[in-house]
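**Student:** Mind looking over this structure? Questions follow.
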Amino acid sequence: MSKLRLSLACWNYDRTRSLMDGTVRPDGIDLTYLDLPVEETFFRMLRHGEFDVAEMSLSSYAVSLFREPRPFIAIPIFPSRFFRHSCIYVNADAGIRAPKDLIGKRIGTPEYQMTAPVWIRGMLADQYGVPVDSVTYCTGGEEEPGRPEKLELDLPPRIRVERIGETQTLAAMLASGEIDALHAARMPSTFSTRGGAVRRLFENYKEVEQQYFRDTGIFPIMHTVVIRRSVYEENRWIAQSLYKAFAQAQKHTYDDLYVTAALKAMLPWLTAHVEETRSLMGDDYWSYGFERNRATLATFLRYHHEQGLSKRLLTPEELFAPEAMESFRI
């Protein structure tokens, strides 16, 4: 019996590698895994719907739910999670020493709708009293000029967003002082090349992020996995099949990270790191599934709505294929 052939665009993560090398095979599916960087995957999927299944920015996916017809449906798999306190960069001469110093400043962000800045803006508002509408956001390419918003946005007037010049980049503008700060998923090149002109707002970010987790229980979700809705509607069983396969591939990585006979990753104190992480966050510290992540998703969706990206407040239940939200029990 032939299997359903599907394409999957996803970066080369340790937690998905068993899907890429064929160690894990989704039930009933012949999977073609395209190892692509996230920016390429998102652009090609959002603009052209090129893949059957793809890793997807959680924010971009939420924005897409207000399109008609809705192009995608997600499963509660989260290949990218990231504490983002480390991703707030400031010009060293801008006088920004504490989060509230950001108020009134010009802050770069490659795209306003990117997931990482949504989390950063929400965290700054909730934890540090920096309102979303208290700054001016400057959008454009971080390292290359001309980066557009992948999705057309209709933001409320209180949100001030400006496009940078056609030949400018945010990384260079941050170092020169043309912008005061940067919210970005990628470290700007000028952080290491401009002799201290750029620094992190939270230089002790590990301690700050660990305390944030203690206070909130949130390990921010960056990306989910989406299926083209037309493919899903024709084969609704694939939602559970893909969910099971991603979860199985992740288990292989959980196991590999705690092998002590020989280190499977090039980190000298990997075992200590795993034990420290488990002590703070529990054994399933990178959890998949709906119920375990409902509160984190609800917080993100609140941020998304407060920042003018969602026309109404979405509920976590609206995000995912119902077939992938529960499983049988014996």
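The values are calculated or read from the model by the stated rules, or taken from the named source; none is laboratory data. Predicted model only: the values in this text are computed from it and were never measured. Here Cβ is always computed from backbone atoms with ideal geometry, including for glycine, and neighbour counts include all displayed protein chains. Surface accessibility is based on the protein's heavy atoms, side chains included, excluding ligands, DNA and RNA. Shrake-Rupley method; radii C 1.70, N 1.55, O 1.52, S 1.80 Å.
**Student:** Output the residues belonging to region 131-145 that are open to solvent by less than 10 Å² (accessible area, probe 1.4 Å) and either among the hydrophobic types (A, V, I, L, M, F, W, C) or assigned to a helix (DSSP H, G or I) (or both).
**Tutor:** Looking only at region 131-145, we keep the residues that are open to solvent by less than 10 Å² (accessible area, probe 1.4 Å), and these are 135, 137-141.
135, 138, listed by residue number.
**Student:** Sticking with this one: Give 149, 162 a once-over and let me know the one that is out of contact with any His (no Cβ under 6 Å at 6 or more places or on another chain) and assigned to a loop (DSSP other than H, G, I, E, B). Step through it out loud before you land on a result.
**Tutor:** Details: 162 fails: assigned to a loop (DSSP other than H, G, I, E, B).
Only one candidate passes the filter, namely 149.
**Student:** Within the set of pairs 6+ apart or on separate chains, which have a first residue in region 255-269 that is at positive phi, a second that is at pLDDT 95 or above and open to solvent by 90 Å² or more (accessible area, probe 1.4 Å), and C-beta atoms under 8 Å apart?
**Tutor:** Sorted first by the residue in region 255-269, then by its partner, the list stays empty.
**Student:** Criterion first (in a loop (DSSP other than H, G, I, E, B), open to solvent by 20 Å² or more (accessible area, probe 1.4 Å), at pLDDT 95 or above and under 21 Å from residue 8 (Cβ atoms)) does residue 312 satisfy it?
**Tutor:** On the way: in a loop (DSSP other than H, G, I, E, B): yes; open to solvent by 20 Å² or more (accessible area, probe 1.4 Å): yes; at pLDDT 95 or above: yes; under 21 Å from residue 8 (Cβ atoms): no.
No.
**Student:** Out of all the residues in region 318-330, which are closer than 12 Å to residue 289 by Cα and either in a loop (DSSP other than H, G, I, E, B) or among the acidic types (Asp, Glu) (or both)?
**Tutor:** Once the filter is applied, which keeps residues that are closer than 12 Å to residue 289 by Cα and either in a loop (DSSP other than H, G, I, E, B) or among the acidic types (Asp, Glu) (or both), region 318-330 yields 321, 323, 325, 326, 327.
**Student:** Scan the strands (runs of 3 or more DSSP E) fully inside region 1-112 and keep the ones with 2 or more residues being open to solvent by 20 Å² or more (accessible area, probe 1.4 Å) and of a type in the set (A, V, I, L, M). Before the answer, list the steps.
**Tutor:** Details: elements: 4-10, 29-35, 53-57, 72-81, 88-91, 106-108.
The strands (runs of 3 or more DSSP E) meeting that bar are 29-35.
**Student:** Related question: State whether the residues of region 273-288 include one that is loosely packed, with under 14 Cβ neighbours inside 10 Å, in contact (Cβ under 8 Å) with a residue 40 or more places away in the chain, over 21 Å from the mean Cα position of the chain (by Cα) and not in a helix (DSSP H, G or I). Let's see the steps before the verdict.
**Tutor:** Step one: filter region 273-288 for residues loosely packed, with under 14 Cβ neighbours inside 10 Å, giving 273, 275-276, 278-280, 282-284.
Filter once more, so that each one left must be in contact (Cβ under 8 Å) with a residue 40 or more places away in the chain: 280.
Checking the rest, the ones that are also over 21 Å from the mean Cα position of the chain (by Cα) come to 280.
Among the residues that remain, those that are also not in a helix (DSSP H, G or I) are: none.
The answer is no; no qualifying residue exists.
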